[in-house]
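The structure appears right after this line, and notes come after that.
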Amino acid sequence: MKPSAPEPSFGGYLKEAIQAARFPTPTHFARAAGIDPSVVLRWLSGEQRPTIRSIERIAPVLGRGINEIVVAAYPDRVGGAPPAPPVTHPLVHELGRILAADSPIPEADRAALATVLDRMLDPYRRVLNRRRSA
C-alpha cells in the first residue's frame, strides 16, 4: 500500500501564491494587503490560519478568489484540498494591478500603457481568433 501524500498546507499554498503574484518577499505582500507582516509569517509557518475578513483582504492582492483561499486555509472544514492555481503567466496579475483603477500609477501612464499593449496585442488576437474558429 502506498503512503498517502501529505495534504498541502496553507503555508505552502500561500507561499506559492505570493511568488506567483510576484511579490519579492512575504513582507512586501503583507504591506500591499494591509496586513501585519508578523501575521503573514504565522500563516506561512502554520501557526495560524487567516480569518475570513483577512481572506477577503488578501484575495484581490493575490489575484485569487475568496473561495479558493478558504478551501486552501480550511480544507478540513470545507472538504477538499486546495485547488490547483490557474495556469496564467505571472505578468497577467501584475498588469491587472498596474492597470487597475486603484493603482498608484498615474492615470495618464496607465492609459498610455494600455494603448501600447492594445496595439502590441492586436496582431496576436487575429491569430488566436483564427485558431479558435478552425
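The table for this structure:
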read-out	value
Matching residues, the stretch 22-43, being under 15 Å from the mean Cα position of the chain (by Cα) and of a type in the set (Phe, Trp, Tyr)	Phe23, Phe29
Contacts under 7 angstrom Cβ, first residue in the stretch 25-45 being without any contact (Cβ under 8 Å) to a residue 60 or more places away in the chain and under 11 Å from Leu14 (Cα atoms), partner part of a helix (DSSP H, G or I) and among the charged types (D, E, K, R), 6 or more apart	Leu44/Lys15
Residues within the stretch 89-104 that are more than 17 Å from Gln19 (Cβ to Cβ) and surrounded by fewer than 13 Cβ atoms within 10 Å (Cβ to Cβ), tallied	4
Selected residue (criterion: nearest to Gly12 (Cα to Cα)) from residues of the stretch 96-116 that are aliphatic (A, V, I, L, M) and modelled with pLDDT under 85	Ala100
Considering residues of the stretch 37-82 that are of a type in the set (Ser, Thr, Tyr) and touching a Phe, Trp or Tyr at 6+ places or on another chain (Cβ under 9 Å) only, the residue surrounded by the most Cβ atoms within 10 Å (Cβ to Cβ)	Ser54
Extreme residue, modelled with the lowest pLDDT, among residues of the stretch 1-41 that are acidic (Asp, Glu) and outside any helix (DSSP H, G or I)	Glu7
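The values are calculated or read from the model by the stated rules, or taken from the named source; none is laboratory data. Computed from a predicted structure; not experimentally measured. Ideal geometry is used to build each Cβ from the backbone, glycine not excepted, and the neighbour counts take in all protein chains shown.
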